[in-house]
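J.: So that we are looking at the same thing, I have put the structure below in structure tokens.
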Amino acid sequence: MSESKKATSDAGQSAPALPALNRAIRGAFRAGVLASFAFMLVGLVLHFAEGNGFQPFSLGKAVPWTDLPAALAGGQPLAILSAGVVLLLITPVAGLVAAAIVLAGQKESAMAAVTVAVLAILATSVALAR
Amino acid sequence: MSLFLGLVAVAVLAGMFGALLGLGGGIFLVPAMTLIFKFPIHYAIGTSIVAVVATSVSASANYIKAGVTNIRLGLVLETLTTAGAIAGGLLAASLGKDTLSTLFALILLYTAYSMARRGRPGASPAAKAATAAATVTPSAAVTPSATGPARRSPLDEALSGSFYDPVQRRLVSYEARKIGAGLVAGVFGGIASGLLGIGGGVIKVPVMNLIMKLPLKAATATSNFMVGITAVASAFVYYSKGFVNPLLAVPVALGVFAGAQLGTVVARRVKTAVLTWIFVAVLIFTAGQMLWNSLR
């Protein structure tokens, strides 16, 4: 909102350039999606390449958080798939962190505090899930 | 392999409609996975929650690029929505699901009625006034409200918004009204998400559009941004309890992503009236589904 630079549209009207807050969140979302989907695709290819069929209820149990690093180091397809899911789940959190940083940098202390409050509530849900 | 391809096809459709309507797609996925594929409901909800996040982040990236999302408003509303999602998860164990589902279905039907009344041709002046707050201005600057020189608090200033609408070829400026009502609705949206494995957009979009007076496209985009954050609150719980099955969640997430890309491209070229009627149909479908499940 603070940025007034304009880009020309096809209709001759002007559309606002993308503010830093939008760019930061979009960047976090795109990076998260790309990383998680890369893990998912590699995991799927390895799963089927090893001759495993699509039997989700006999082969698809998620790797627990705590076991994920060791399972990933072993190159297990299910661990790679699980890591893709986990990366996807933390992507909105990464967007919030990016938003908090930008808002704090722009001296929007009230909005930065609101963003940190949302992050704190999400942290509560993680604590309750354990 | 046919099961895998069928699952991906359903996910693509769910992602497209989810992105079009500001929903996470869970409303379509959970019934499809339980009724068509006969998956256990807990795994269907766990998969749906992951899909909701995939839909939200992929569609949001596009909406944010287009400048339609009101990020500050979304963050403010998300404080109580996320808390509601946690409360929903806790309430799910102690309240009768059938009672909640029946009440919820009645609210959805009322919302569908309100939106249909406003969207029909020749709607009454009172009904059309519901959209008057969305002021369309040819200038690039955010202009004062059309309602006159009312005093605006710093919060009102911070939560106002504008976006370029390629259909109207104009900059649409608006002020968010009744933030308190939006916060209260956010709690219920969050509870619905925690209880049912949906994003809660089915509540957020009509409240932001009808009560807070956001243009439907801004309400849809802002809801899309919010539902992913809301869903994460309960997704961690479902993952920890083992109800997120990677072999189900991954093809569904990839399919939903592809569908969401398609949906956001279509959404920018669809007129608001069309979106309204699609949303009304979704509300009636969801209400019928919930009533059927609670009364049978």
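J.: Where the second residue is not charged (D, E, K, R) and the first is outside any helix (DSSP H, G or I) and lies in the range A:109-130, which pairs have Cβ atoms under 8 Å and are six or more apart or on separate chains?
T.: A:Arg130/B:Ser240
J.: Here is a check on your reading of the model: is A:Glu50 over 30 Å from B:Leu75 (Cβ atoms) and more than 21 Å from the chain's Cα centre (by Cα)?
T.: Numbers: over 30 Å from B:Leu75 (Cβ atoms): yes; more than 21 Å from the chain's Cα centre (by Cα): yes.
Judged against the criteria, A:Glu50 is a match.
J.: Let me ask something else. Can you pull out the residues in the range B:72-98 that are modelled with pLDDT under 65 and polar (S, T, N, Q)?
T.: Going through the range B:72-98, the residues modelled with pLDDT under 65 turn out to be B:92-97.
Matches in the range B:72-98: B:Ser94 only.
J.: Being facing chain A (nearest Cβ under 7 Å) and open to solvent by less than 10 Å² (accessible area, probe 1.4 Å) is the filter here, so list the residues in the range B:246-262 that pass it.
T.: Listed by number, the residues that qualify are B:Pro246, B:Leu247, B:Leu248, B:Ala249, B:Val250, B:Ala253.
Residue-wise test of (1) within 9 Å of another protein chain (Cβ to nearest Cβ); (2) more than 13 Å from the chain's Cα centre (by Cα); (3) at pLDDT 80 or above; (4) open to solvent by 10 Å² or more (accessible area, probe 1.4 Å).
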residue: B:Val8; (1), (2), (3), (4): no, yes, yes, yes
residue: B:Gly18; (1), (2), (3), (4): no, no, no, no
residue: B:Met33; (1), (2), (3), (4): no, yes, yes, no
residue: B:Ser60; (1), (2), (3), (4): yes, no, yes, no
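J.: Further question on the same structure: If I ask for residues that are open to solvent by 10 Å² or more (accessible area, probe 1.4 Å) and under 14 Å from the mean Cα position of the chain (by Cα), which ones from the range A:84-127 would you list?
T.: Correct list: A:Val86, A:Leu87, A:Ile90, A:Val93, A:Ala94, A:Val97, A:Ala98, A:Leu119.
J.: Another question, then. Does the range B:201-221 contain at least one residue that is without any contact (Cβ under 8 Å) to a residue 40 or more places away in the chain, touching a Lys or Arg at 6+ places or on another chain (Cβ under 7 Å), part of a helix (DSSP H, G or I) and open to solvent by 10 Å² or more (accessible area, probe 1.4 Å)?
T.: Taking every residue of the range B:201-221 in turn, at least one turns out to be without any contact (Cβ under 8 Å) to a residue 40 or more places away in the chain, touching a Lys or Arg at 6+ places or on another chain (Cβ under 7 Å), part of a helix (DSSP H, G or I) and open to solvent by 10 Å² or more (accessible area, probe 1.4 Å).
J.: If you don't mind, another one. Of all residues in the range A:29-42 being open to solvent by less than 40 Å² (accessible area, probe 1.4 Å) and facing another protein chain (nearest Cβ under 7 Å), which is farthest from B:Asn245 (Cα to Cα)?
T.: A:Phe29
J.: Please enumerate the residues belonging to the range B:163-179 that are open to solvent by 60 Å² or more (accessible area, probe 1.4 Å) and in contact (Cβ under 8 Å) with a residue 40 or more places away in the chain.
T.: Step one: list which residues in the range B:163-179 are open to solvent by 60 Å² or more (accessible area, probe 1.4 Å), which gives B:166, B:168-170, B:177-178.
Result: B:Pro166, B:Arg177.
The values are calculated or read from the model by the stated rules, or taken from the named source; none is laboratory data. What you see is a predicted model; the values in this text were computed from it and never measured. Using ideal geometry, Cβ is built from the backbone for each residue, glycine included, and neighbour counts are taken over all protein chains shown. For accessibility, only protein heavy atoms count, side chains too; no ligands or nucleic acids. Shrake-Rupley method; radii C 1.70, N 1.55, O 1.52, S 1.80 Å.
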